[in-house]
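Report on the following structure.
The values are calculated or read from the model by the stated rules, or taken from the named source; none is laboratory data. Computed from a predicted model, the values in this text were never measured in an experiment. Glycine gets a Cβ as well: all are built from the backbone with ideal geometry, and neighbour counts include every protein chain shown.
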């Protein structure tokens, strides 16, 4: 291993590495990967303990799949009038919340396309339900979730500061995947060319504004959409700069591309496990110790062990009642089996809330009206993952 690479990895054992070292490690040879993963794993153990790995028991509520963007890899989005478009009715929202509460979920994940309010038929539908816009509908849904003991986390695409401030009243955290900061991926022929809300400056600005509002925030990196390793690292460094300024990034998702039928990238190669592991390890050694690093287990069903060794401390949300509507061909893992894999790696899988403990007491980061609800939800969490089991037919769920 070259001396500069060995020195950078040694430095990563102690503290988040410098920008220069991160960029050097981005293109290091595969021979350095075992040492890189070992450093990332050691940093994870120092920050989050050498025993526990976590996940959030959630219900996934895709409020609407209407979206103005056309990302080349996305099978979720629709335009108004398209076959397969949907918007959940209030009755459907309440039904799924009731079911999730009965199953012991603690997170209500509200996920939807970017700026659905541009579609007139959608606006008319909301007005018929008594809501002026999407933010008002989300606010109502958040209140209903809270009344059932579920803690909302919302990823509604790009939002302005007023919308985020309104949603902070009923959400313990918000999210927006940064995905990648490279403008190259927005050029003609690239996956974000027809996605104005995927322009890096737009998503960086929302992430910055969330920091100014003191909102516990989820960001993340999308691996395998045509980016280079350098571009991945530049994205992670951007997230780190935002967190160092505002202290609001509670978790970074390393999400790997999975090809979907009937999309322009249906035939694109998916990233191999080693590439995902490299991205996870880089995320861990770049991020400060107070930022969680997660990878979705349903997108990496055969690579769970290697991702644990690469430095993840969390698996994100896993639902016992609803499928992953963004990646419907990749069902959530059975919690018992996921726990067994963790045990084989010397770890204990346990549930967590959608707001991490440091942010529960960090001044200004949790609306005071939600404090008692968060404390009550914390008390209801079981000690291990085995108390919450997925149903056997998640992919059969209907909107």
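Determine whether residue 244 is touching a strand residue (DSSP E or B) at 6+ places or on another chain (Cβ under 7 Å) and outside any strand (DSSP E or B).
Numbers: touching a strand residue (DSSP E or B) at 6+ places or on another chain (Cβ under 7 Å): no; outside any strand (DSSP E or B): yes.
Considered against the rule, which asks whether it is touching a strand residue (DSSP E or B) at 6+ places or on another chain (Cβ under 7 Å) and outside any strand (DSSP E or B), residue 244 comes out as no.
So, in region 295-304, of the ones that are out of contact with any strand residue (DSSP E or B) (no Cβ under 6 Å at 6 or more places or on another chain) and crowded, with 18+ Cβ neighbours inside 10 Å, which residue ends up farthest from residue 36 (Cα to Cα)?
298
List the helices (runs of 4 or more DSSP H) inside region 62-177, counting only whole elements, that have at least 3 residues being within 19 Å of residue 319 (Cβ to Cβ).
It comes to 90-102, 134-147.
Please work out if residue 231 is out of contact with any helix residue (DSSP H, G or I) (no Cβ under 8 Å at 6 or more places or on another chain) and in a helix (DSSP H, G or I).
no
Surrounded by fewer than 22 Cβ atoms within 10 Å (Cβ to Cβ) and closer than 30 Å to residue 29 by Cβ: does that describe residue 226?
Taking the combined requirement at face value, the residue satisfies it.
Given the criteria farther than 25 Å from residue 338 by Cβ, part of a helix (DSSP H, G or I), modelled with pLDDT of 95 or more and within 15 Å of the chain's Cα centre (by Cα), does residue 236 qualify?
yes
Please go through region 196-223 and give me each residue that is assigned to a loop (DSSP other than H, G, I, E, B) and surrounded by fewer than 22 Cβ atoms within 10 Å (Cβ to Cβ), ordered by number.
Within region 196-223, 199, 213, 214 meet the criteria.
Identify, please: which residue in region 305-337 is assigned to a helix (DSSP H, G or I) and either modelled with pLDDT of 95 or more or in contact with a strand residue (DSSP E or B) (Cβ under 6 Å, 6 or more places away or on another chain) (or both) and is, among those, surrounded by the most Cβ atoms within 10 Å (Cβ to Cβ)?
310
I'd like to know if region 249-259 contains one or more residues that are within 19 Å of residue 358 (Cα to Cα) and in a helix (DSSP H, G or I). Before you say what the answer is, go through the steps one by one.
First, pick out the residues of region 249-259 that are within 19 Å of residue 358 (Cα to Cα): 249-253.
Then drop every residue that is not in a helix (DSSP H, G or I), which leaves none.
There is no residue in region 249-259 that is within 19 Å of residue 358 (Cα to Cα) and in a helix (DSSP H, G or I).
Quick check: anything in region 263-278 part of a loop (DSSP other than H, G, I, E, B), more than 22 Å from residue 115 (Cα to Cα) and in contact with a helix residue (DSSP H, G or I) (Cβ under 9 Å, 6 or more places away or on another chain)?
yes
Among the residues that make up region 5-26, is at least one of them at pLDDT 95 or above and assigned to a strand (DSSP E or B)?
For region 5-26, residues at pLDDT 95 or above and assigned to a strand (DSSP E or B): absent.
Could you run through region 347-360 and say how many residues are in contact with a helix residue (DSSP H, G or I) (Cβ under 9 Å, 6 or more places away or on another chain), surrounded by fewer than 21 Cβ atoms within 10 Å (Cβ to Cβ) and over 18 Å from residue 296 (Cβ atoms)?
Of the residues in region 347-360, 3 are in contact with a helix residue (DSSP H, G or I) (Cβ under 9 Å, 6 or more places away or on another chain), surrounded by fewer than 21 Cβ atoms within 10 Å (Cβ to Cβ) and over 18 Å from residue 296 (Cβ atoms).
So that you can scan it fast, the table gives a plain yes or no per residue for (1) crowded, with 20+ Cβ neighbours inside 10 Å; (2) within 12 Å of residue 59 (Cβ to Cβ); (3) touching a residue at least 60 places away in the same chain (Cβ under 8 Å):
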| residue | (1), (2), (3) |
| --- | --- |
| 89 | no, no, no |
| 97 | yes, yes, no |
| 100 | yes, yes, yes |
| 106 | yes, yes, yes |
| 116 | yes, no, no |
| 119 | yes, no, no |
| 130 | no, no, no |
